[in-house]
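**Student:** Structure below; questions to follow.
The values are calculated or read from the model by the stated rules, or taken from the named source; none is laboratory data. Computed from a prediction, not measured in an experiment: that's the story for all the values here. Cβ placement follows ideal geometry from the backbone for every residue including glycine, while neighbour counts extend to all protein chains displayed. Note: accessible area is taken over every heavy atom of the protein model, side chains too, but ligands, DNA and RNA are not part of it. Shrake-Rupley method; radii C 1.70, N 1.55, O 1.52, S 1.80 Å.
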Amino acid sequence: MEWLRKGARPVGEGTFVMPWVRTYVRRDGTKVRGYSRWAAGGRREMAILVTVGLAVVVLGNPSSSADGTGTSPRPAASAAYPVKFPELRKGQPRQGPKPSVSYPIRFPEARKTPSRPRPGPTVTYPIPWDRSAR
């Protein structure tokens, strides 16, 4: 019951928020400010979570290549440097962007299916709630 005296607030069945230890005075007269502390079992759960996370990172990301040589092949360069752009003459008009779509966009009309007869209601109103009369 020490957790209850120190200020832990139960949230649900077996669940607690981070306990808040209220300000108190020790026997020797030292005043202790309020602080939060780990809930019971919280450190163990966090250690398990961190261990699993590290295992996923270490085992899920192999640092060596698959062939075992220790070096991985480098990709070939696909660009030719320096890049040169075609020059425009002084009197030549500059071309702007051209639209790739003409608006409005027209879609083909969908075929209209003949309307089917609607089903009739299966319930008659008012509904007789007193069923003992049957």
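**Student:** How much solvent-accessible surface does T23 expose, in Å² to the nearest 10, with a 1.4 Å probe and all protein chains in place?
**Tutor:** 80 Å²
**Student:** Sticking with this one: I'd like the Karplus ³J(HN,Hα) series for segment 89-98: coefficients 6.51, -1.76, 1.60, θ = phi - 60°, whole numbers in Hz, and an x wherever there's a Gly or Pro.
**Tutor:** 7, 4, x, 7, x, 7, 8, x, x, 10
**Student:** Taking R0 as 25 Å, what's the FRET efficiency between T23 and R43 from their Cβ-Cβ distance, rounded to 0.05?
**Tutor:** With a Förster radius of 25 Å, E is 0.55.
**Student:** Amide H of V21: which non-local residues (sequence gap of 5 or more, or other chain) have their own amide H closer than 5 Å, using H built in the peptide plane?
**Tutor:** Amide H neighbours of V21, under 5 Å, 5+ apart: Y35, S36, R37.
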